[in-house]
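First the structure, in the form of structure tokens, and then the observations on it.
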Ligand SMILES: [Zn+2]
Ligand SMILES: [Zn+2]
């Protein structure tokens, strides 16, 4: 049975005010449910609290190409969110300099695919990177070092869809370049640099390659009016 209690409460100035409290004989199941529904678990330490006292991860994406963000995650503190999402050492998230979205550094469905490139010391997601290199081509520094020597590894470029339709639709064509890389990409990079010097803008499409080690790549180029020889 529910009961009503009357009492006086002393105020700081010494006066009294009457107050009324209610005691419920049964649990208020609806209220309990609302409270329970709003309780979430910290993904890092497992503590369970009301959402009001937790930090939400907000919008983040599994891959740069996802249009729908992942489910938000909850953490008991900013520190636990940072440790879990940005500093764990595997499948961490980064903020893309291009689109400002929070994206997983590796594709959770294909663990070995890194989903960003570093441009001007900042991470940029592959979606923004693709748009950038298709528009401008890759920089000469991807192929030659500061001394003008060919880079020994493949730097930049990416996996396009099979047959490289994305660069082809953007006006690129396949160029004649050594496509099989084994430990040393110098010949390929020298060739790419020569194309750039002849007024081409170029991008590298990966066939199957363990980055910088062994595999196949395709050099694609688009003739521009910039360059030493036209
Ligand atoms: Zn926690
Ligand atoms: Zn981006």
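The values are calculated or read from the model by the stated rules, or taken from the named source; none is laboratory data. Predicted model only: the values in this text are computed from it and were never measured. Cβ atoms come from the backbone with ideal geometry, glycine included; neighbour counts cover every protein chain shown.
Name the single residue that is nearest to ligand 2 (Cβ to nearest atom) among those in the stretch 65-74 being surrounded by 14 or more Cβ atoms within 10 Å (Cβ to Cβ) and under 24 Å from residue 44 (Cα atoms). Of everything passing the filter in the stretch 65-74, 69 is nearest to ligand 2 (Cβ to nearest atom). Scanning the stretch 173-230 for residues that are within 17 Å of residue 160 (Cβ to Cβ), surrounded by fewer than 16 Cβ atoms within 10 Å (Cβ to Cβ) and at pLDDT below 80 gives 208, 211.
Results for (1) in the same structural domain as residue 193 (by TED's automatic domain parsing); (2) free of Cβ contacts under 8 Å to residues at least 24 places away in the same chain, shown as yes or no for each residue.
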| residue | (1), (2) |
| --- | --- |
| 91 | no, yes |
| 95 | no, no |
| 98 | no, no |
| 101 | no, no |
| 109 | no, no |
| 121 | no, yes |
| 151 | yes, no |
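Residue count for the stretch 42-64, restricted to those that are within 16 Å of ligand 2 (Cβ to nearest atom) and surrounded by 13 or more Cβ atoms within 10 Å (Cβ to Cβ): 5.
None of 35, 47, 19, 95 is over 30 Å from residue 121 (Cβ atoms) and touching a strand residue (DSSP E or B) at 6+ places or on another chain (Cβ under 6 Å) except 19. Which ones in the stretch 30-47 are in contact with a helix residue (DSSP H, G or I) (Cβ under 8 Å, 6 or more places away or on another chain), in a strand (DSSP E or B) and within 12 Å of ligand 1 (Cβ to nearest atom)? Once the filter is applied, which keeps residues that are in contact with a helix residue (DSSP H, G or I) (Cβ under 8 Å, 6 or more places away or on another chain), in a strand (DSSP E or B) and within 12 Å of ligand 1 (Cβ to nearest atom), the stretch 30-47 yields only 40.
Out of all the residues in the stretch 141-152, is one or more buried (at least 17 other Cβ atoms within 10 Å of the Cβ), away from ligand 1 (no atom under 16 Å from the Cβ) and within 30 Å of residue 58 (Cα to Cα)? Within the stretch 141-152, not a single residue is buried (at least 17 other Cβ atoms within 10 Å of the Cβ), away from ligand 1 (no atom under 16 Å from the Cβ) and within 30 Å of residue 58 (Cα to Cα). In this entry, residue 50 is excluded by the filter for residues that are touching a helix residue (DSSP H, G or I) at 6+ places or on another chain (Cβ under 6 Å) and over 18 Å from residue 116 (Cβ atoms). For the stretch 58-81, how many residues meet the condition of being in contact with a helix residue (DSSP H, G or I) (Cβ under 6 Å, 6 or more places away or on another chain) and within 16 Å of ligand 1 (Cβ to nearest atom)? Matching residues across the stretch 58-81 total 1. Of all residues in the stretch 82-98, those that are surrounded by 14 or more Cβ atoms within 10 Å (Cβ to Cβ) and within 16 Å of ligand 1 (Cβ to nearest atom) total 4. Quick one: in the stretch 82-98, of everything that is in contact with a helix residue (DSSP H, G or I) (Cβ under 6 Å, 6 or more places away or on another chain) and under 19 Å from residue 71 (Cβ atoms), which residue is nearest to ligand 2 (Cβ to nearest atom)? Ranking the candidates gives 93 first.
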